[in-house]
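The structure under discussion appears below in the form of structure tokens.
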Amino acid sequence: MSFADLGLSDELLKAVTEAGYTDPTPIQRQAIPSVLMMRDLIGIAQTGTGKTASFVLPMIDVLAEGRSRARMPRSLILEPTRELAAQVAENFEKYGTHHKLSMALLIGGVQMGDQVKALEKGVDVLIATPGRLMDLFERGKILLTGCNLLVIDEADRMLDMGFIPDIENICTKLPANRQTLLFSATMPPPIKKLADKFLSNPKTIEVARPASTNTNITQWLVPVPNSAFAKREALRRLIDDQGVTTAIIFCNRKTTVRELNKSLKKHGYRSAEIHGDMDQSSRIAELDRFKAGDVNILVASDVAARGLDIKGVSHVFNFDAPWHPDDYVHRIGRTGRAGATGTAFTLVSSADAEAIDNIEKLQGQKIDRMGALPVEEEPAEEKKGRGRKGSKPKADAPKSDKKAADKPREARKDEPREERRPEAREPRRETEAREPRRDDRPRRDRDRRRDSFDDGPDDGWNGPVPDFLNFTIPA
Ligand code: AMP
């Protein structure tokens, strides 16, 4: 089946060809005709499946007729994060190049004035994060009564981020006879309930997870001691020895993102960072530096990097094992995209046993373990210094001893790889995966605040709320 068989206009077919696509992906094949027929839709699909185009393309044709009115957007797309909202906006620009549709982006972290001006002119498509949309709605800057098409994207992430009450509220402000499209990687009960309440006779489409079935990604677990110092050293060894061209390194906490980036830069690496505490323009600037190749390492938190479509990433490193198994799939899916091969390394200490167990259950396969890397423990005096009352934790500075592996990257780059650490060039598989010990399990901290995500204060945890503790994995 080709794009021409899906009922799209000639202008859109032209834009699709210009985007370089030859065939529609499975979700596009199934979703596009239904959206064009104005049906409600539930799409169980992740990023990487082509799901954005599955709603953006037909929306453009649906909206081609008709006119926008001031403050009354004709369609609304809800996204959990600013980055995803910006990415969907880019998709509209790309596919809508032969149409004259107007669009506005309502996201936190950018000046509200321009966003309000755009709304006042009238827009065909409004792409928003729920928080900013509700804010403007409550100020009377926006009317949703003319909004006949609603897309709720990444619904399960919205749930993780505590946005469901906002979404319910928003749904009640739209006309009851609108068309609603809901996309989610998983369908936990609260999302099912949301769909039952706000969608009418939807068509349900489910497509395979891209990353979990992606055989282009080689995955490794790397046993490390349970200390940030040792983990940073292990990470540097991997970066040096594994032929990394571009890498995204994921951390669970915003503070870890900052500290790790600082440490990598001190050791001579070209790295940048992206996390929820940064304003929008800084995040975009950092991403652009990475995309342009000014830096080749991006240290990221889950929320900030969710769904980002960055091509040509050779390696993904999980500096911390994610607590939520779905996040593992999303993280490693940043590499091995569009037919390319990629490698994902996850540093695992004894505290990560349960998280890894859940990831392996979700993937339905064990992940190979490398032999332990010969990393050193933190020198006693540094440990003592860090423990002192009032002293701030600092990123580890390059050590002054003469060992090659501890020299800054710049000083090492001329040395032949083999002389550095031959045994690490090819990961060693252990013959038997180590069984996690029961008493290694992390403390279940159910009291962490739900709102510590994207724009929230930095109270440490930046990944999903450890809701996976309530998450049941199909046997
Ligand atoms: P998404 O799942 O929407 O995040 O899309 C993932 C990537 O697939 C993006 O880089 C899209 O540009 C790309 N893409 C979407 N549709 C197609 C297609 N039919 N053929 C090839 N690439 C596509």
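The values are calculated or read from the model by the stated rules, or taken from the named source; none is laboratory data. Quantities reported herein were computed from a predicted structural model and do not represent experimental measurements. Neighbour counts run over all protein chains shown; Cβ positions are idealised from the backbone, glycine included.
If you take just the helices (runs of 4 or more DSSP H) that sit entirely in the stretch 4-76, which of them hold at least 3 residues that are crowded, with 24+ Cβ neighbours inside 10 Å?
Details: elements: 10-18, 26-36, 51-63.
Those helices (runs of 4 or more DSSP H) span 26-36, 51-63.
Test K100 against the stated conditions and say whether it is surrounded by fewer than 19 Cβ atoms within 10 Å (Cβ to Cβ) and outside any helix (DSSP H, G or I). Can you show your working first?
Details: surrounded by fewer than 19 Cβ atoms within 10 Å (Cβ to Cβ): yes; outside any helix (DSSP H, G or I): yes.
In short, yes.
In the stretch 192-206, which residue that is of a type in the set (S, T, N, Q) and farther than 13 Å from A176 by Cα is nearest to the chain's Cα centre (by Cα)?
Keep residues of the stretch 192-206 that are of a type in the set (S, T, N, Q), which gives 200-201, 204.
Narrowing further to those that are farther than 13 Å from A176 by Cα: 201, 204.
Numbers: N201: 30, T204: 24 Å.
So the residue we want is T204.
Before we move on, is A86 more than 12 Å from the ligand (Cβ to nearest atom), out of contact with any Leu (no Cβ under 6 Å at 6 or more places or on another chain), part of a helix (DSSP H, G or I) and assigned by TED's automatic domain parsing to the domain that holds L174?
Against the criterion (more than 12 Å from the ligand (Cβ to nearest atom), out of contact with any Leu (no Cβ under 6 Å at 6 or more places or on another chain), part of a helix (DSSP H, G or I) and assigned by TED's automatic domain parsing to the domain that holds L174), A86 qualifies.
Okay, residues lined up against (1) β-branched (V, I, T); (2) away from the ligand (no atom under 16 Å from the Cβ); (3) touching a helix residue (DSSP H, G or I) at 6+ places or on another chain (Cβ under 6 Å); (4) on the phi > 0 side of the Ramachandran plot:
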site: D40; (1), (2), (3), (4): no, yes, no, no
site: A45; (1), (2), (3), (4): no, no, yes, no
site: L63; (1), (2), (3), (4): no, yes, no, no
site: G66; (1), (2), (3), (4): no, yes, no, yes
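Hey, can you tell me all the residues within the stretch 68-83 that are more than 14 Å from the ligand (Cβ to nearest atom), farther than 22 Å from P188 by Cα and under 17 Å from the mean Cα position of the chain (by Cα)?
Step one: list which residues in the stretch 68-83 are more than 14 Å from the ligand (Cβ to nearest atom), which gives 68-76, 78, 82.
Next, only the ones that are farther than 22 Å from P188 by Cα stay: 68-76, 82.
R82 - this is the single residue of the stretch 68-83 that is more than 14 Å from the ligand (Cβ to nearest atom), farther than 22 Å from P188 by Cα and under 17 Å from the mean Cα position of the chain (by Cα).
Write out, first by first residue and then by second, each pair whose Cβ atoms fall under 8 Å of each other, whose residues are 6+ apart or on separate chains, and whose first residue, in the stretch 6-28, is within 12 Å of G50 (Cβ to Cβ) while the second is of a type in the set (D, E, K, R) and within 11 Å of the ligand (Cβ to nearest atom).
Note: pairs meeting the criteria are A19/K94; I27/K51.
Do we find a residue being assigned by TED's automatic domain parsing to the domain that holds P130, more than 16 Å from the ligand (Cβ to nearest atom) and in contact with a Phe, Trp or Tyr (Cβ under 8 Å, 6 or more places away or on another chain) anywhere in the stretch 97-111?
Within the stretch 97-111, the subset assigned by TED's automatic domain parsing to the domain that holds P130 is 97-111.
Still in the list and also more than 16 Å from the ligand (Cβ to nearest atom): 98-111.
Restricting the remaining residues to those that are in contact with a Phe, Trp or Tyr (Cβ under 8 Å, 6 or more places away or on another chain) gives 101, 103.
Looking through the stretch 97-111, at least one residue is assigned by TED's automatic domain parsing to the domain that holds P130, more than 16 Å from the ligand (Cβ to nearest atom) and in contact with a Phe, Trp or Tyr (Cβ under 8 Å, 6 or more places away or on another chain).
Can you tell me which condition S282 does not meet? The list is (1) under 20 Å from the mean Cα position of the chain (by Cα); (2) crowded, with 20+ Cβ neighbours inside 10 Å; (3) among the small types (G, A, S), and all the others hold.
All conditions pass for S282, except number (2).
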